[in-house]
Amino acid sequence: MRAHLRAIGFSATDLARPVVGVAHSWIGTMPCNFTHRRLAQAVARGVREAGGTPMEINTIAISDVATMGSEGMKTSLVSREVIADSIELVALGHQLDALVTIVGCDKTIPAAAMAHARLNIPGVIVYSGSILPGEWRGSPVTVASVFEAVGAHAAGRLSDVDLAELEASACPGAGACGGQYTANTMAMALEFLGLSPLGSAGPPALDPRRERVAAEAGRLVLDVLADGRTPDRILTPGAFANAIAAGAATAGSTNLVLHLLALAREAGVPLELGDFDAISARTPVIADLMPHGRYTAVDLDRAGGSRLVASRLAEAGLLDTGQLTVTGRSLGEEAAGAREQPGQDVVVPVSRPLEPQGGLVVLHGNLAPEGCVVKVAGLSRLRHTGPARVFEREETAMSAVQSGGIAAGDVVVIRGEGPRGGPGMREMLGVTAALVGRGLGDRVALLTDGRFSGATRGLMAGHVAPEAAAGGPIGLLRDGDPVTFDVRERTLRVELTAAELAARTGEWRPLEDRYRTGVMAKYRALVGSASDGAVLTVPEKVRP
């Protein structure tokens, strides 16, 4: 083995040191991970400085933005499993002593955490940073602004020239999407979990501090190795509660629910949908971040970053401050180092919250017996009853929205897009943003067994479970059925009797399976419910 590795430049001295994998997902298909090669060099430098030998590892990534609204979006959640599997395989196969993983886009972050939990070797996860906001006509804009502009354009409220100018301005350089969308929500969650150093996610992708953060991660991992700080010491019920509180306090993406459930399964930590609702109910929104607020991730970094959020929550007794983090210090000790920018109003005191309860709510009812997830930050309308407008695919729903086929008061139902039904549980940002762009965002509701982007806003219920492909009640809805959202009562119902629903069950037939071979077919065969994190499970008949 040493002879083989000498062929690519490793010396006997190199191979006598701890070998540290430096995993990343550089890919030329998106800006989110475009800095990973450079950051991997900085991590490797830190590893060498601390007495280790770095070995670079590549994996894949799928861009949610590039695939949104297309058949390609079905591959996004599938990639979470492939990324986790590939990191796990290389680390197992090459018997790495420790691991630093650089993450950027939405699925690379939970995938890395899942791989670290499975491997349970000393490691550090480091985020590659947010994109800088664009500027259009004097206001900050992000890629979500473009999605909403598509709807405004279709409604005649925005000209071709306006849309083209916005498109050219929204994304000025590399980095992950700039609001408290899925990537930034998950990056913060990993800090509060303790897998990433608190504050490390803050510097934007193109900020000079980003390489210093990467190099420090490389040095830190040798200390983590020496102390044996493995993920099982960090990933506790208290750590997951802290991560949920961070997502609730910043009105983060509903994808937080899906990914933390999946990670908890990998870590062997009990976590249920009800935990998200309970923690969110006692955690106020204290960060004024897009899409519900005014500011971007860059503004949060300038204001004081995740340390400031942690400090505010800790002072109010809303965090388990004794939880261990990857640095060897507790979350409370890390939060104590917060530095607030004078005069900032991105993060407000808990005593004067933007909203009294967090942004994540779980609904149940005869349409969602296993539950569904709604992001309520910024919503004033917490109850809605209207006729169902049922669509079997996202594309047909989008066509109806763009052609003016959805009216105020409607409940848009998009089914057959769950983990198994898609397969792959597509995000629906194209549809939800188009509704907002057409001025219907506060006048309609939407429910789906698929997912939403972190940039989605409005009364939208995702992750409806059981999904249609599993025989869930969402598959029984018909056009015109009266559907009621009641956030205060935590219910999602169709006003039909149990007998009426039972009668329809006998008439239900699954849609034709569009994928019969390859990775999508394998995923469809193994994936579980969104209410359990949409994780892959080994069928009972092949278990030992």
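Just so you know, all these numbers are worked out from the coordinates, no wet-lab data involved. This one's a predicted model, so the numbers in the text were calculated from it and none came from an experiment. For neighbour counting, all protein chains shown are included, and Cβ atoms are generated from backbone atoms with ideal geometry for every residue, glycine included.
Arrange the peptides 461-468, 307-314, 291-298 so that the one whose residues have, on average, the most other Cβ atoms within 10 Å appears first.
Going by the mean number of other Cβ atoms within 10 Å, highest first, we get 461-468, 307-314, 291-298.
Cα atoms only: what Rg and Dmax, in Å, come out for the chain?
Radius of gyration, then largest Cα-Cα span, for the chain: 22.7, 74 Å.
Calculated from DSSP H runs of 4 or more alone, at -39500 (n - 2.57) each and per residue, what is the 222 nm mean residue ellipticity of the chain, nearest 500?
Per the formula, -11500 deg cm²/dmol.
Please tell me the relative contact order of region 47-147 in percent, rounded to the nearest whole number, where contacts are Cα pairs under 8 Å and at least six residues apart.
22
Around GLN341, under 11 Å between beta carbons, what's the net of Lys plus Arg minus Asp minus Glu among the other residues?
Residues near GLN341 contribute -2 overall.
Each residue of region 361-369 in order: what ³J(HN,Hα) in whole Hz does its phi give by Karplus 6.51 cos²θ - 1.76 cosθ + 1.60, θ = phi - 60°, with x for Gly and Pro?
So the Karplus estimates, Gly and Pro as x, are 10, 10, 10, 10, x, 6, 9, 9, x Hz.
Can you tell me the order of 56-63, 352-359, 127-134 when each peptide is scored by its average per-residue count of other Cβ atoms within 10 angstrom, highest first?
Ranked from most to least packed, the peptides come out as 127-134, 56-63, 352-359.
Along the Cα→Cβ direction, 7 angstrom out, place labels at ALA521 and SER11. What is the inter-label distance in nm?
Placing both labels 7 Å beyond Cα along the Cβ direction yields 5.2 nm.
Taking 35 Å as R0, compute the FRET efficiency from the Cβ-Cβ separation of ASP479 and LEU163 and round it to 0.05. Could the numbers behind the result be given before it?
Working: r = 32 Å, r/R0 = 0.91.
About 0.65, to the nearest 0.05.
How compact and how long is region 129-204, expressed as Rg and Dmax of its alpha-carbon atoms in Å?
15.1, 48
Cross-chain or 8 or more residues apart, Cα under 19 Å: how many lysine pairs in the chain fit that? Count them up, please.
Details: LYS74/LYS107; LYS74/LYS522; LYS107/LYS522; LYS522/LYS541.
Going through the chain pair by pair, I get 4.
Pick out, from GLY359, LEU382, VAL224, the residue whose Cα sits farthest towards the positive end of the charge dipole of the chain, with +1 on the Cβ of Lys and Arg and -1 on the Cβ of Asp and Glu.
Selected residue: VAL224.
Can you tell me the orientation of helix 74-93 relative to the chain, as the angle in degrees between its alpha-carbon axis and the longest Cα principal axis, to the nearest 10?
20
Quick one: which of 338-345, 491-498, 112-119 comes out on top by average Cβ neighbours within 10 Å, and what's the full order, highest first?
Those peptides, ordered most packed to least, come out 112-119, 491-498, 338-345.
Would you kindly enumerate the cysteines in the chain that have no other Cys beta-carbon under 4.7 Å from their beta-carbon?
That list is CYS171, CYS177, CYS372.
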